[in-house]
Amino acid sequence: MLPEATGMTAVLIVALVAALAGLAYLLALSMARTRRVTRRFQVLDDIARVSDAASSLPETLSAISEVLVPEIADFCMIDVISEERAQRAAVRVGAGAPAGAEQGLAEREPSIPAEMIDGEGGGSLAPRFFERMSDADLDDISHDETDLEFLRGLGVRSAITVALRARGRVTGALTIGVAWSGRRYRSDDARFARVLSGRVALALDNAGLFSNLERAVRAREEIAETLQRGLLPPPLPHIPGWSAAAMYRPAGAENEVGGDFYDAFPFAGGWMLVIGDVTGRGARAASITAQARYTLRTAAALTGDPLIALATLNRALLARNDSAMCSVAAFALPEDPAQPVRLAVAGHPPPLLVDREEVVETAPPGPLLGAFPDADWSLELTRVRSGQQLVVITDGITDACGPGGRFGEERLRAELAGATNPVLAVQKLEAALHAFVEGALDDDAAILAIAPRPLEEQNG
């Protein structure tokens, strides 16, 4: 064979191999796309199937979430939009999520685009798509620094939020995201999410669940308001031999139950005063608050011992099916103010002894309640002399943020220094806090202060 022919044959072979390789690649790509499209159709069919089989609102929401996670998302949230507000209705998180991810997402206030909540115009139906979630994106959708740190901890790579439109109006939103699985969404995923939102909205509307969701939101708000009124700390009673003052301020204008509380109740030989802060907000926080207050009341009435009261509440919280934790400072006041006060602190800011210009801690904080079954706490004896007072707060005060940063320990002590009685201490601290945050608290705040009554008042 001639050299020219041999060379031509080699070129043809190389070209043929390249063509076959290209064809194989295109075939593999086509098959991958076909499988992907098939899976997406299967997701849409599965949503219709499980929705038809569901018999209640929680069951329907859970079933839809189970279809989406982990098939197309590492996590998903379904929110209901009512009266220009978004409320979280369902959350699901797949395997491999960071600790606390599901609870954090469930308790987190939704960050739905304003135009989606308004539901006005075509822009309300445009998906919000983060193809490569950046720190700037996280900062944009976060509510504060704590929320930003939580979102960073999820490691979100991509996320899509789409409106759920039923009967001509936007009534909810669906958010899907990928993080720990290593997947990432592309533009075709955003287009599919819009199709998906239509199927989810249709499934919920066919079951009559959007109206149920709105009614559930209103009912939850009414329940929270009722619980808030019922669980507000009562006025402090008259405590013989002692002067006492307290303050409680819930965060925000919404009637949502917070986690701070204080209480005072008698026992044989004196009075027990407690102040505490439970984890979370809303109805769940209310149930923990109620349990904490009445468990402490019962244990204190039976024993008069702060340590037994804390241990009893710790066992009760650990026995719950959910993760319930609480910080408490408890002190037993003797009938004779000349005798020492017995203090026990569990994960709470320590009580402060205010002696004119001097402000010092009086008891070390022990373990948080509800966290460890074998935890124990120490009992401190503190004599509160004439002219001195004990002041204990919740961390909603020191952690309060204003234009000047954080309220902090230094400002707290400066405000308490020089306060000559509990009423003045509470009034000074409350006024300083209100001015610092410009009237807008991020968290509940409570103060409790006690001091021996002057001898002339005791004798009178």
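No value in this document is a laboratory result; all are computed from the given coordinates. Because the structure is predicted, anything quoted here is derived from the model rather than measured.
Volume of the convex hull of the stretch 36-100 (Cα atoms only), normalised per residue: 113 Å³. Using equal-weight Cα scatterers in the Debye expression, the normalised intensity of the stretch 287-331 in log10 at q = 0.22, 0.31, 0.32 Å⁻¹ is -0.67, -1.22, -1.27. A straight line joining the Cα centroids of the stretch 412-448 and the stretch 58-86 runs 42 Å.
With distances taken between every two different alpha-carbon atoms, the stretch 232-459 has a Kirkwood hydrodynamic radius of 17.6 Å. Here's how it looks for M272: its modeled amide H is under 5 Å from those of F265, F267, L333, which are all 5 or more places away or on a different chain.
Distances between every pair of Cα atoms in the stretch 317-441, grouped in 10 Å steps from 0 to the bin holding the largest one, split as 12, 36, 33, 17, 2 percent.
Any idea what diffusion coefficient the stretch 38-217 gets from Stokes-Einstein, in µm²/s, Kirkwood Rh on alpha carbon pairs, 10 °C, 1.306 mPa s? Display every interim value, and only then the final one.
Working: Rh = 16.2 Å.
Rounded, D is 98 µm²/s.
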